[in-house]
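Report on the following structure.
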Amino acid sequence: MSVTDGPQRRSTHVTTTATVPLTTTQRAPALDFEALYRGSRDDVFAYVATLLRDRSAAEDVTAAAFERAYRKRDGYRPSRGSRRAWLFGIARNAALDELRRRNRSAAMTADPEDLDTALPDDEAEKAVRRAALRTALAGLAPREREIVALKFHAGLDNAELAAVLGVSPSNAGTLLHRAVTALRKAIDD
Amino acid sequence: MTESTITRELAALEDALAGRPVDPEFADLDDLVAALREERPEPAPAFTAALDRRTSMGFPRVAKPSRRRRSGRAKWPRMALPALGVAASLLLAVVIAGPSLRAGNDDSGTSGGGTSADTSASGGSSSSSARDSDGSGGSGATSSSGSSKGAPAPPSSGQSAPSVMSPLPTPAPPPSADGRRRRSVERSAELTLAARPSQIDTAAAAILRVTDQVGGYVVSSTVSSRSGGEFSLRVPERRLQEALSRLGRVGRVRSRTQSAQDITAVAVSARERLTDARTERRSLLRQLAKATTPNQGSSIRRRLRIVSGQIAAAKRDLRRVQARAANATVSVSLVAERGSGAPSDDDGAWTPGDALRDATRVLEITAGVLLVALAAGLPVGLLALLAWIATRRTAQRRRERALDAV
């Protein structure tokens, strides 16, 4: 079996680079919004999509979050945390606003993979594991799922995680461990 | 689970995320991290392209109504909010400070030697008019004002006094339509002016000149060079305010007191006595014409002489009362004062020193207004800040609740 026969795997740690030139503001911005946007766009989407479990809503919220951040870019204060923590705080508020508005949980619109499709054994095993992971993620409490999304999908470090959630870094580590433990337990079950 | 285990597991997670080798004990964590990365949702190319475009254009405002607008909440321009806040605070400050400032001015107006800052004094007030028109005989009214540091008014403002504002008595109103007799009011004023010792003579001359120009006369005057003087003036009642205004520009006004006394009853009494005496004289003349005996005639003539004397006395009284109402008495005390404002002659010249004093006074008033505004605005601003914090916290709590409700 060649490496190209199996289902296409997503690349990790790869951020799409926008080819559209970004206009800069007329005056020198306090925040390099363009760089922040380029480096965080997919991470923000991944986090919001995991939290909302709705790709369409995640797109709206991601766009709204970047727009809010763009309009508030002069209000960013480095003393309050990293740029990414500031951006994810805005994205989190936008996502929670969306949750509030809907007041319901939405399932991800992505179609589940067809497990009946004939696959090689190892690929079938991966598909099963992937489905189990998805089920486990969906079964997590929203706060735990949010931590998983921030840590593993958005790539925040513990300090940024703490800043976004409004807790201390040590508390953020504790919450992260609880979430991972819950996820492992859900997968095992 | 021990704390050390937790720490090691978290370290293993960080290693897996960083792509470093993971302790075989936590191999499942390495697999979990890899699986989670594979499950990372990726945005659709069409979405990223559209977002890139919007970002490149600086997120232009979309014309369609936002959710907030649809929900009926007006979206204020952010720039307008601070301006509105400042305007509201100032308005509140004016509302709060206005009456107290006015009260303060009124208070200062009644204390001689105060530091009143008002700069208008011409004309009478409606309150004094009302007092004059409805007051019955014998009731007097007095108004006084404190001294002023204000500079003389510019020459063009001939109506304005230097720095005193007080409710001034006005001339009695004309006879009303129902034929009621106009009231007679005797007015008087006392003025204390300060001038530099070297300018006492100039000021004294200016006082005499003003008196002459308003058609009045000097009853008595005592002037001592470099120490001051006393003046007793009589000026036409209808030009009293003009006279006071112009006298006030001669030097720095230390105090000004005005009083008005209703002497209608006295005038009416004198007039009635005159009328009665005349009526009696006419009656006596008729009796004299009809007298038939010498004794009757001589008796009536004696009575006529008495009545003629009464008529003359009544006329004198009436003229005296009318004179009291027609001319006001103005007592001017001119005192020497080192460092006082230079007596500006009647020409009302406005010197650079006057301008400096005016500017200082304006700055004082401005500082006072700002202080009052600050005193009023501080609590308002504090409340607004607390409300803003509470609103933000409430909104955040609602967001968190939304997360729990999923």
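The values are calculated or read from the model by the stated rules, or taken from the named source; none is laboratory data. Because the structure is a prediction, the values reported are computed rather than measured. Positions of Cβ are generated from backbone atoms using ideal geometry, with glycine treated the same way; all protein chains shown enter the neighbour counts.
Structure data summary
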{"read-out": "Matching residues in the stretch A:152-164 - criterion: being in contact (Cβ under 8 Å) with a residue 12 or more places away in the chain, more than 14 Å from the chain's Cα centre (by Cα) and more than 10 Å from chain B (Cβ to nearest Cβ)", "value": "A:ALA159, A:ALA163"}
{"read-out": "B:SER299, sole failed condition from (1) farther than 30 Å from B:THR329 by Cα; (2) touching a strand residue (DSSP E or B) at 6+ places or on another chain (Cβ under 6 Å)", "value": "(2)"}
{"read-out": "Unmet criterion (only one of (1) surrounded by fewer than 21 Cβ atoms within 10 Å (Cβ to Cβ); (2) in contact with a Gly (Cβ under 8 Å, 6 or more places away or on another chain); (3) modelled with pLDDT of 90 or more; (4) in a strand (DSSP E or B)) for B:GLU230", "value": "(2)"}
{"read-out": "Exclusive hit being at pLDDT below 85, surrounded by 14 or more Cβ atoms within 10 Å (Cβ to Cβ) and more than 26 Å from B:GLY377 (Cα to Cα), set B:GLY109, B:GLY104", "value": "B:GLY109"}
{"read-out": "Verdict on B:SER269 being of a type in the set (S, T, N, Q), within 36 Å of the chain's Cα centre (by Cα) and surrounded by 16 or more Cβ atoms within 10 Å (Cβ to Cβ)", "value": "no"}
{"read-out": "Test: residue in the stretch B:269-285 that is touching a residue at least 12 places away in the same chain (Cβ under 8 Å), part of a strand (DSSP E or B) and hydrophobic (A, V, I, L, M, F, W, C)", "value": "no"}
{"read-out": "Selection status of B:ARG256, in contact with a Leu (Cβ under 6 Å, 6 or more places away or on another chain), within 29 Å of B:ASP354 (Cα to Cα) and not in a helix (DSSP H, G or I)", "value": "yes"}
{"read-out": "Counted residues, the stretch B:376-406 - those being more than 14 Å from chain A (Cβ to nearest Cβ) and either of a type outside the set (Val, Ile, Thr) or not in a helix (DSSP H, G or I) (or both)", "value": "13"}
{"read-out": "Among (1) over 43 Å from the mean Cα position of the chain (by Cα); (2) more than 9 Å from chain A (Cβ to nearest Cβ); (3) modelled with pLDDT of 65 or more; (4) surrounded by 10 or more Cβ atoms within 10 Å (Cβ to Cβ), the one test that B:ALA35 misses", "value": "(2)"}
{"read-out": "The stretch B:233-281, residues that are polar (S, T, N, Q) and under 18 Å from B:LEU193 (Cβ atoms)", "value": "B:GLN241, B:SER245, B:SER255, B:THR257, B:GLN258"}
{"read-out": "Among residues of the stretch B:1-60, those that are closer than 24 Å to A:LEU133 by Cα and in a loop (DSSP other than H, G, I, E, B), counted", "value": "12"}
{"read-out": "Any chance B:VAL22 is within 10 Å of chain A (Cβ to nearest Cβ) and either modelled with pLDDT of 90 or more or farther than 18 Å from A:VAL44 by Cα (or both)", "value": "no"}
{"read-out": "Complete set of residues in the stretch A:138-151 that are surrounded by 15 or more Cβ atoms within 10 Å (Cβ to Cβ), within 11 Å of chain B (Cβ to nearest Cβ) and touching a residue at least 40 places away in the same chain (Cβ under 8 Å)", "value": "A:LEU140, A:PRO142, A:ARG145, A:GLU146, A:VAL148, A:ALA149"}
{"read-out": "Residue count, the stretch B:38-49 (criterion: more than 7 Å from chain A (Cβ to nearest Cβ) and crowded, with 21+ Cβ neighbours inside 10 Å)", "value": "0"}
